[in-house]
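Taken together, the values in this text are just the output of simple stated rules run on the coordinates, not laboratory data. Keep in mind it's a predicted model, so treat the numbers as computed, not measured.
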Amino acid sequence: MLIQTETTPNPLTLKFLPGETVMASGTRDFATPEEAEASPLANAIFSTGDVEGVFLGRDFISVTASPGSDWRQLKPQVLGILLDHFASGAPLFAPGSASGIDVAASEDFGDDPQDAEIVAQIRELIDTRVRPAVANDGGDIVYRGFRQGKVYLALQGACSGCPSSTMTLKQGIESLLKHYVPEVETVEAI
């Protein structure tokens, strides 16, 4: 098995491409070793001691190193863990970890029911134009709400903590949403 790696705009994050499906649907972001206990794979990656984030996408795994870590030493460790995992056919999630539970994103900011059509347009643009581009960089952007002209988004994976994420959010995503949905005034990361 050959696992390819790609750099991301976030210098602390590498994207690993195992050449097969990682998550059949959705994504999963692990920001702490405690959260990673739900996934034997994420838990093993965190066990290297030099990792502060693991993000599972459709066909990739993004790993964020701790500040001061050396990818020349960490990369072979992560590759070994990934090779062992995929070669053994081990499950991605531990039984009973609630890995399949999907919490509705709009619960965070309680979209106004009168804005249902606007929210549908925003979600459509994010899902079809923004998320695929961001996945190429090893991350994800998840809709969290729309209220009084503000769109709230959560940055995950390589996007979380990326130096260029503010520029992407304001110049890219905000411009796109404002162009297609005039009711959008601003976009904020949460």
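Rg to Rh ratio, the stretch 105-189, alpha-carbon atoms and Kirkwood radius?
On the way: Rg = 11.9 Å, Rh = 12.7 Å.
Ratio of gyration radius to Kirkwood radius for the stretch 105-189: 0.94.
Could you estimate the translational diffusion coefficient of the chain from the Stokes-Einstein equation, with Rh from the Kirkwood formula over C-alpha pairs, at 37 °C and 0.692 mPa s, in whole µm²/s? Before the final figure, lay out the partial values.
Values: Rh = 17.4 Å.
Rounded to a whole number, D works out at 189 µm²/s.
Can you give the calculated 222 nm mean residue ellipticity of the chain, where each DSSP H run of n ≥ 4 adds -39,500 (n - 2.57) and the sum is split over every residue, rounded to the nearest 500 deg cm²/dmol? Each step should come with its number before you reach the end.
Details: 6 runs with 51 residues, N = 190.
After summing the helix terms and dividing by the residues of the chain, the value is -7500 deg cm²/dmol.
Rounded, prolate or oblate: which fits the stretch 4-88, taking a ≥ b ≥ c as square roots of the Cα gyration tensor eigenvalues, rounded meaning a/c under 1.5, else prolate when a/b beats b/c? Let's see the in-between values first.
On the way: a/c = 1.34, a/b = 1.21, b/c = 1.11.
The shape class here is rounded.
Considering lysine pairs in the chain that are 8 or more places apart or on different chains, how many have Cα atoms under 17 Å apart?
On the way: K15/K75; K150/K170; K150/K178; K170/K178.
Step by step, the pairs that qualify in the chain add up to 4.
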